[in-house]
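Everything on this sheet refers to the single structure shown next.
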Amino acid sequence: MWDDEHARAALINAAKLTDPEDRTARERALNALQSLSVKAENKVAMWRDNSGARQALLDAAKLRDPADDHSQVSALSALWNLSGEPANKDAMWNDAQTRSVLVGAAKLKGPAEVKARAAALSALWHLASENSNKEPMWSQPDVRTAVVEAARVVDVEQQQVRERALATLWNLAAKPENAESIWRDAYGARAALIEAAKINDPPGCKARLYALAALQSLADESANKDGMWQDSDGARAAMIFGAQLSDPLDSEARGCGLAGLWGLTVSSANCKSMWEDIRGARAALVNAARTTNPTERKFRTYALAAIQNLSAEAVNRGPMWMDVNGLRAALVDAAGISDPADHKARLCALRTLQSLAAEPENKPLIWMDKHGARKALVSAAKLTDPEDRKAKVCSLGALWNLASDGTNKEQMWADEDGARACLVHAAQLPTPDDREARAYSLAALWNLAVGPANRKLMWNDMQGRRALVTSAQMTDPADRKIRFHATAALQHLAEEVTNREPMWGDEFGARQAIVEGARLKDPADREIREHALRALWALATDAKSTEAMWNDGAGARLALVQAARLTDPADAKTRLNALRTLQVFAADAANKQAMWDDEQGVRAALIDAAKLADPGTEKSRVCGLAALQNLAIDPRNKQLMWQDEAGVRQALVAAAQLVGPTNYKARLCSLGALQNLSAEANNRKSMWVDDPRTVNVVVDAARLVEPSEREIRERALATLWNLSARTETHQPNWSDHKGVQGALTEAAKLTGPDERKARDYALAAIQNLGLH
């Protein structure tokens, strides 16, 4: 009929009649237009017929004579139908006349005007579903007033009015820009929604559903979350009530209540009190999480998602795990689901177990739950379907957490077909999509390698070793975390004495991975480099490898020298680890001369380190001084080292003057080095005569009396003994240096058992100097 131009014109003309005598004709024409507006193919054309159908409907919608009620309802119902067409929504809202007509009708309150009011609100409901309309609709006071007033109607005869108004608020609340403002409207929209959300009956109540759906949307807004939970008798009570609905007819409403609670759990400020709300939020969530009814799958997912958020709050983790027959059972059951339709629920359960496994007191308990949580985690960690990748990652993350507990480490590695198998397998996953899973598994293996009892076993496990070595050799920047975890694990394996020789001997495996890691220079690789250097330090302590490591000039040695010369404070740990290794090298007799001869490399690095004075560099300074002390043992090095006036000599004399507990080791090493250098006859005269500063700092140290400084005093007195020895070219006299006689005399009087060595050195020096 709409396509028949003559029929259409006849209807529109009749719909525009205004003579009271034509009321029946007009009513019939409007009723016909209403019928035509139901058909999808007519909606756009009818709206765009500006001066025809549209104007006829708008004029009729404004009728207020009771005798025109049917015409008015038909016109408003037709506009309602047209507003359901997506192509019309924006245009209808932005047409001032249409907007005025609908808002005016939505404010009607007479008993005979219920249908007209409901039709107008239905049209506004449709228009509010258009995203571009939501914000301007809520921002207009007349629209807001009309909708809120209708949403608070409690007369059962006006049930549709309330439902459509609440549905409109639901649509408006879905716009983030509106959500905060709607919640702040405490005595208007907020009150209307809470009142409706608490309606007790009947089952399937649409008003309750729409109200809960709107509250769910408001709960998604960050600014509302805390306030909504704190509104204990309002929004909180309403959502808990909705989440506990049990009649199948209220399925959607229950879903909204659970989803609303889920939204509130996003705020960490709510999580503790939500878990502690035993009969309210906790009961609603746990009960929903335990459902196995396929028709309630959505409830389970919402509840588990909320529980996942609650587990992110550290104070909840212990109590949540201890809820044995409630939450724990729900999590274990959900974590073991295999139905693809429950994929999201399973993922949430596994993520929650991962969070709970981060709590120290839970770690051993979760692992001991062999047929529950442990089984679920290991099973999920073995999943291979790409669709299960996230579940696999979460389970591996949980195992990583469990592996950090000291009591779990040995048991987890010993679980050959369980935890060990899934970790070693995941550590070798080759695809980029599996990077996260691989990183977690390697982090877990790193944790297991921290356990001393595991280190030998892990190195001897060929699959595990291969996983660590190949991962530590990865060079793609995207694999940086994988390489870091693998290198850190190798570092701990190197702490095992029996592993050191075979690890260094694994030339193209562990050795190559560690050396390459130690040579990295990108600041983003700093942690990898630190662990690699620490591994070299451990390997260097094996006497069978020390000389070979030093002779690896283009490999380990180069990496160590480069790292030992770093000056950026951010590289302090890296430098320290390198210096520690060089200190070990310097203790090997076969290395001493070559190390000293490496003037621009090792020698410069050690001297620079020995001169460090900034706070936080104390350990590096000690390493540099200790290495120089070791090099000074070599007979050939002694004279050469003392002749290095601006380098070694300056560093040793300066360090020998240091005071305070934090400088104790540095002072001890410097005096030890001076003691070694003074044993060389060709150095004595220079040390005694040419550089009086040296004797002065030695004398000061020789006069220390605190028990905690005993070793420093001993080395100083041993140095004086060496310097007091006479040769043809060196004839020392006590009067050459003020204080020597006093220091030696005081030490010669010592009587304590721990002071015997100091006394003997002093007496020997007195004998050499001819003091009486």
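Summary table below
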quantity: Looking only at segment 200-230, and only at residues there that are surrounded by fewer than 18 Cβ atoms within 10 Å (Cβ to Cβ) and assigned to a loop (DSSP other than H, G, I, E, B), the one that is modelled with the highest pLDDT; calculated: 200
quantity: Enumerated helices (runs of 4 or more DSSP H) restricted to segment 644-754, each holding at least 2 residues that are open to solvent by less than 10 Å² (accessible area, probe 1.4 Å); calculated: 650-656, 664-678, 692-702, 710-724, 740-748
quantity: Filter result (open to solvent by 50 Å² or more (accessible area, probe 1.4 Å), closer than 16 Å to residue 610 by Cα and of a type in the set (S, T, N, Q)) within segment 563-595; calculated: 567, 583
quantity: Members of segment 507-518 that are at pLDDT 95 or above and open to solvent by 30 Å² or more (accessible area, probe 1.4 Å); calculated: 511, 512, 516
quantity: Matching residues, segment 502-540, being of a type in the set (Gly, Ala, Ser) and farther than 14 Å from residue 562 by Cα; calculated: 505, 509, 510, 513, 524, 535, 538, 540
quantity: Residue within segment 148-171 that is modelled with pLDDT of 95 or more, farther than 20 Å from residue 117 by Cβ and among the polar types (S, T, N, Q) present; calculated: no
quantity: Of all residues making up segment 177-189, the number that are farther than 19 Å from residue 121 by Cβ and open to solvent by less than 50 Å² (accessible area, probe 1.4 Å); calculated: 4
quantity: Test: residue in segment 149-160 that is closer than 14 Å to residue 188 by Cβ and under 43 Å from the mean Cα position of the chain (by Cα); calculated: no
quantity: Every residue from segment 427-466 that is free of Cβ contacts under 8 Å to residues at least 24 places away in the same chain and closer than 19 Å to residue 411 by Cβ; calculated: 460
quantity: Candidate set from segment 1-24 (those that are at pLDDT below 90 and assigned to a loop (DSSP other than H, G, I, E, B)); member that is nearest to residue 52 (Cα to Cα); calculated: 2
quantity: Some residue of segment 157-176 being touching a residue at least 24 places away in the same chain (Cβ under 8 Å), closer than 17 Å to residue 227 by Cβ and surrounded by fewer than 24 Cβ atoms within 10 Å (Cβ to Cβ); calculated: yes
quantity: Residues that are open to solvent by less than 40 Å² (accessible area, probe 1.4 Å), of a type in the set (D, E, K, R) and part of a helix (DSSP H, G or I), drawn from segment 622-643; calculated: 638
quantity: Residues of segment 393-452 that turn out to be under 23 Å from residue 344 (Cβ atoms), open to solvent by 10 Å² or more (accessible area, probe 1.4 Å) and in contact with an Asp or Glu (Cβ under 9 Å, 6 or more places away or on another chain), as a count; calculated: 3
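The values are calculated or read from the model by the stated rules, or taken from the named source; none is laboratory data. Here the structure is a predicted model, which is why all the values come from computation and not from measurement. For neighbour counting, all protein chains shown are included, and Cβ atoms are generated from backbone atoms with ideal geometry for every residue, glycine included. Ligands, DNA and RNA are excluded from the accessible area calculation, which covers all protein heavy atoms including side chains. Shrake-Rupley method; radii C 1.70, N 1.55, O 1.52, S 1.80 Å.
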